[in-house]
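Taking it in order: structure first as structure tokens, then the write-up.
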Amino acid sequence: MLLAMLAVALPVSISAAPAPHDLLPAPAQLAFAEGRLPVTAEFSVSLRGHDDARLRAGLSRALRRWEERTGFTFARTPQAEFVLASDTSRAALVVECSAAGSALPTLGEDESYSLEVSPAQAVLRAPNVVGALRGFETLLQLLQRDARGWFVPVVKIQDAPRFPWRGLMIDVCRHWQPMEVLKRNLDGMALVKLNVLHLHLTEDQGFRIESKTHPRLHELGSDGLYFTQDQIREIIAYAAARGIRVVPEFDMPGHATSWAVAYPELASAPGPYVIERGWGIFDPVLDPTNEKVYALLEDFLGEMAALFPDPYLHIGGDENNGKHWNANARIQAFIREHDLKDNEGLHATFNRRVRDILTKHGKKMVGWDEILHPDLPQDAIVHSWRGPTGLAAAAKAGHAAILSNGYYIDLCYSAADHYRNDPLPADTAIPLAEQSRILGGEATMWAEWVSPETIDSRIWPRTAAIAERLWSPRDVNDVADMYRRLAIVSQRLEETGLNHERNRPAMLRRLAGDGASAEDLENLRIFVEAVEPVKGYERGRYHAEHRQATPLTRVADCARPESNTAREFTVAVDRLLGGARRPDGHSAAALQELREQLLAWQAAGLEVADLLTQRALLGRDSAPVAKSLAEASAVGLAALEAIARGDARDPAWRTEQFTVLERAAEPHDAVQLPALGAIRRLVTAAAP
């Protein structure tokens, strides 16, 4: 029934915006017209229809953000609340909300809204408060300024999400992430219309939630770094005020070291156990043949079910390597005696028992791909980290599913990679009858390589591209335009309090050392903006010695996951080599733009190589990359010179330059140069 309702709720016929705009995510339907609605200090708002505290709080947050952007101070009451106009015909903005909607956000809730802006008035209509909150975020992004002042363009918008489950998973276990991290990221999520905060709360490296039924879990498994139940209630309320659900994850039966630290007798191998301080897949796993396991889970999950109001609870269920089960003769005997065939059968038995506990407490189960089994209860949701095959298998088996493969933002892939990753692409192998089971997806922020100082830079702004993929129509897919709008929404995200850009200058000053000059810092900035961290799971190969307490203050931590300057350089190279030429050769302006960037990289690379080697020792292992940047830039400059003169170089020269670039491609200190492919194309053009 739920899936049928969700299918009906999804837009049936929507199209991309026909004209350029700065909105992200893009609305389902949008049409601009001539004209503008001025925004001045006298801007007034009126509410029509349903009115409640959540709606007013959302409106107040929106108006405050406009105040901070414009410098205006809108009218307030003596109690410091924004004044609302009683005469809707005179208000600059009318918010017409039909009903409250659910007291707490729910899966499948109507999030639609319409916005009609004329030169005289803007009217926002929504069926409920959550729809109005989504509309506020669109209105905030429409604000523009020119020589005449601030304004909102005349426009008509009809909008609703493509998928009902649009989430961000934050791992607070491997590296602890406190309340302020979650709150500022909830504000960012609201801005781009994400609606699920998935909290990964237990892991080999930490048990991060207070249990009053079994306090040993957080007392022994957290190093004192955990959320109290009152803090969890505060997070849930903060999220609900923004139309965001909170779904907890308690990983079991694997990833269970922190459980076993407190209760070693519940594990599948003898203890004692200690909290893991490194990264990887570890052996500790709960013992599904031990009835005491289920007794504890009955207490704990019942306690958590009462604490978290969302109907869904995530049990993890992934990456059990089976070593401790295989080594336990009693467990293997249990498998044979109960005709379970193998460890997968035992895992399925465990999942059924857990599902029964959750059902008793009014919850539905979510788990990673590994929970999928012929005996998996039908109402369980499969969360796929394995990709389209796993998603299709879950849907075929009759399960609702959500996608995270392709949205692992911790792996530092580009926004374009995430943007092109669609849960239901045009060529999907999932039959039409099963597509309604695909609920959406989640960006996943695993925390091996992030601290509270750096986590925002790994989440934002790339997660905004994922948010658009999950909200907007499938045919909103222009990568270049996404990047144009992403740069704008990144500034709006900063205005909500996110630190994805704000923390970098301080990190660079620390990296450079106390004696660094302004010139040193500028060269270091140019260098760090030209590099990227290595991709995928490669960082562990370069920093294998890193542990939970190791400071994350290296060049790889300062660099953006995706270098804007390298991407823009690549686009400029493609434009130069692929565009129409003048009769006398390539565009002089295009050549000069590339030449200036290469000269800046070359100079900064030489200076930073010396800085990191001689003085800024915190980054000395990255010095070879700085040297490589200078050398690769010299290759690019030589190629540009040949292209500008129309002087084709010989194959021997090309081979020599490729050798330099191949050497420069070797990462050091988990840092690499992303512009090398574009420089290689310049060499090829110079020596065809």
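Computed from the coordinates by the stated procedures, all read-outs in this text should not be read as laboratory data. Bear in mind the structure is a predicted one, so any value in this text is a computation, not a measurement.
Residue separation of Arg330 and Ala644 scaled by 0.36 nm, minus their Cα-Cα distance, works out to 105.5 nm of gained length. Please report the antiparallel percentage of the DSSP beta bridges confined to the chain, to the nearest 5. Of all bridge pairs located within the chain, approximately 40 percent are antiparallel. Rounded to the nearest 500, the 222 nm mean residue ellipticity of the chain from helices alone is -13000 deg cm²/dmol, with -39,500 (n - 2.57) taken per DSSP H run of at least 4 residues.
Diagonalising the gyration tensor over the Cα atoms of the chain and scaling each eigenvalue by 5 before taking the square root yields semi-axes of 42, 37, 24 Å, largest first. Annotation: amide H-H contacts under 5 Å for Arg36 (H modelled 1.01 Å from N, sequence separation of 5 or more, or interchain): Val154. Computed 3J(HN,Hα) for region 462-467, one whole-Hz value per residue from the Karplus formula 6.51 cos²θ - 1.76 cosθ + 1.60 where θ = phi - 60°, is 4, 5, 4, 5, 5, 4, glycine and proline marked x. The number of Lys pairs in the chain with C-alpha atoms less than 23 Å apart, excluding pairs fewer than 8 positions apart on the same chain, is 13. Our compactness index for region 215-309, the C-alpha radius of gyration over the empirical 2.2 N^0.38 Å, is 1.20. Distant-in-sequence amide contacts of Tyr312, defined by a placed amide H-H separation under 5 Å and a gap of 5 or more residues or a different chain, comprise Lys364.
Scanning residues 5 or more positions from Asn328 or on other chains, none has an amide H under 5 Å from its amide H, with H placed 1.01 Å from N in the peptide plane.
Give me the log10 of I(q) over I(0) for region 518-575 at q = 0.13 Å⁻¹, as the Debye formula computes it from C-alpha points; what are the numbers? Those come out to -0.45, one per q. Once the Kirkwood radius over Cα pairs is known for region 29-159, the Stokes-Einstein relation at 25 °C and 0.890 mPa s delivers a diffusion coefficient of 164 µm²/s.
Taking the Cα centroid of region 423-499 and of region 297-357, what is the distance between the two, rounded to the nearest whole Å? Region 423-499 and region 297-357 have Cα centres separated by 32 Å. Cα centroids of region 530-545 and region 192-217: 27 Å apart.
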